[in-house]
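To keep things clear, I will list the structure first and then write my remarks on it.
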Amino acid sequence: MPLKKTLKFPEGFLWGTSSSAYQLEGGNLNNWTEWEQANCQRFAEEAAVKNSNIPASLKDELKKPNNYICGRACDSYNRYEEDFDLAVKMNNNAVRLGVEWSRIEPEEGKWKVGEIEHYKKVLQAAKQRNLKTIVTLWHWPMPLWLEKSNKRGGWIDKNVASYFARYAGKLAGELGGLVDYWVPLNEPMCLIGFGYILGVHPPGRKKDLFGAIKVFNNFVKAHIAGYRAIHNILPDSKVGFSCIVDYFEPARKWNLLDPIVVIIARYVHHRRLLNKISGYLDFIGLNYYFHNKLSWLPPFKVNENKEINDMGWEVYPEGIYHVLKYLSKFKKPIIITENGIADDDDNQRSQFIINHLKYVHQAIREGVDVRGYMHWSLLDNFEWAWGYGPKFGLYSVDRKTFERKARPSASAYADICKNNRILID
Ligand code: FCB
């Protein structure tokens, strides 16, 4: 057997998994819960006629309205200790998880003490297992009182940034020492795209460009206000941001217009936002999944798709290297807060992780300050407008018993985390 090459990661590198409150906890009540009830039938009907490159087994799941109801999710609200035990079993030293705004402030300005206590217990359980905690405060759902304050959704509300800062400040006071890294917002640009342009996430607006611009400005304000609110209470805290950065390339480099489309796409997709908030970041959280080759002519996206995941997303490990190099210009530590693959039969996941880490390692060798890697995700969970179809978990979850079962990739990841290295050919 040919000898493998060892690529070591820096001492103290953070290894873990990533998740969000709504996708795992179960039993929530917020704008998503209502959205699912109102739209599950439509999603199922649309999926039945959609003709995309996804496996037949997944297509069948997508035709069922119930697939789109989050319900009890992975029941992690009750099973968080079991989940942390799985993380420990995989030799993780960190975990990214979320707290759910709608639980903590179900009515305007009224804190649910019991829920704050619950999250304290969750974080203490992580700490008892020596896991560093990366905590997201907003990962898409909104409390109903806020969502309904405006018929175009809560993020349009002129006071949303101050509501968010009040919530962030409250949590800084309550959860303080239990949080190592704060992520006020996760991927705001996705909410803008899915919720204001495509209409597949709440508030379900389509092509609402003015709405999108307003919401964008509110996100900038909310991030800055949240950053300040946390720092006012915890001056030494580390407050970052989880940014989706897809890697865009021109379909044809020699064509004059394709590169221009790429410049615009990068700007709109993440650069404008990062530029606006870059003075208020102690670290950058990178969420990287795929790459797209763009053309100025229809169909606009012309990927080679040599390898795709179960959702048709192109697998392109090299892209993470390029986006890390770009992010390094902000001169902040970077944590990869999401990277993962929908891969039900687990044929691709282990290699996916190694291939991406190979490029992360290359970026580190070239001086990019990457501090950790959080794989999305520990468990199969509720994948938003795709429901339970896509399987992102290192562990599968039985939808009836909630039993967690390791996929082979869980032991591959455990080996990487234990030895702080990857082995490549
Ligand atoms: C990211 C989201 C996360 C999950 C993964 C697959 O964009 O932040 O909640 O859905 O995609």
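Annotations for the structure displayed:
- In the stretch 171-220, the residues that are open to solvent by less than 60 Å² (accessible area, probe 1.4 Å), part of a loop (DSSP other than H, G, I, E, B), away from the ligand (no atom under 16 Å from the Cβ) and touching a strand residue (DSSP E or B) at 6+ places or on another chain (Cβ under 9 Å): VAL179, ASP180, GLY199
- Search result, residues across the stretch 276-296 that are more than 20 Å from the chain's Cα centre (by Cα) and either within 16 Å of the ligand (Cβ to nearest atom) or open to solvent by 70 Å² or more (accessible area, probe 1.4 Å) (or both): LYS276, TRP296
- Test: residue in the stretch 21-30 that is touching a strand residue (DSSP E or B) at 6+ places or on another chain (Cβ under 9 Å), among the hydroxyl-bearing types (Ser, Thr, Tyr) and within 16 Å of the ligand (Cβ to nearest atom): yes
- Residue in the stretch 387-397 that is under 30 Å from TRP35 (Cβ atoms), without any contact (Cβ under 8 Å) to a residue 12 or more places away in the chain and not in a helix (DSSP H, G or I) present: no
- Remark: ASP344 matches the filter, which requires a residue to be within 16 Å of the ligand (Cβ to nearest atom), open to solvent by 50 Å² or more (accessible area, probe 1.4 Å) and not polar (S, T, N, Q).
- Looking at ILE335, ILE422, just one residue is crowded, with 20+ Cβ neighbours inside 10 Å, in contact (Cβ under 8 Å) with a residue 12 or more places away in the chain, within 15 Å of the ligand (Cβ to nearest atom) and of a type outside the set (D, E, K, R), and that residue is ILE335.
- Pairs with Cβ under 6 Å, 6+ apart, first in the stretch 262-280 and polar (S, T, N, Q), second part of a helix (DSSP H, G or I): SER278/PHE330
- Within the stretch 226-248, the set of residues being open to solvent by 10 Å² or more (accessible area, probe 1.4 Å) and under 23 Å from ALA265 (Cα atoms) comprises ILE244, ASP246, TYR247, PHE248.
- Considering the stretch 385-400, the residues that are of a type in the set (A, V, I, L, M, F, W, C) and open to solvent by 10 Å² or more (accessible area, probe 1.4 Å) include one that is farthest from the ligand (Cβ to nearest atom), namely VAL397.
- Residues located in the stretch 18-64, provided they are among the polar types (S, T, N, Q), over 29 Å from ALA410 (Cβ atoms) and surrounded by 16 or more Cβ atoms within 10 Å (Cβ to Cβ): ASN30, ASN31, THR33, ASN39
- Members of the stretch 351-369 that are open to solvent by less than 10 Å² (accessible area, probe 1.4 Å), away from the ligand (no atom under 16 Å from the Cβ) and under 28 Å from ASP83 (Cβ atoms): LEU357, VAL360
- Index of the failed condition, GLY16 passing every other in (1) in contact with an Asp or Glu (Cβ under 9 Å, 6 or more places away or on another chain); (2) not in a helix (DSSP H, G or I): (1)
- Checked against the criteria, TRP376 does not count as within 13 Å of the ligand (Cβ to nearest atom), open to solvent by 20 Å² or more (accessible area, probe 1.4 Å) and either under 30 Å from GLU45 (Cβ atoms) or touching a residue at least 24 places away in the same chain (Cβ under 8 Å) (or both).
- Restricting ASP369, ASP310, ASP346 to those that are of a type in the set (Asp, Glu) and modelled with pLDDT under 95 reduces the list to ASP310.
The values are calculated or read from the model by the stated rules, or taken from the named source; none is laboratory data. Note that the structure is predicted; figures quoted are calculated from it, not measured. In this analysis, Cβ positions are derived from the backbone assuming ideal geometry, glycine residues included, and neighbour counts consider all displayed protein chains. Accessible surface areas use protein heavy atoms only, side chains included; no ligands, DNA or RNA. Shrake-Rupley method; radii C 1.70, N 1.55, O 1.52, S 1.80 Å.
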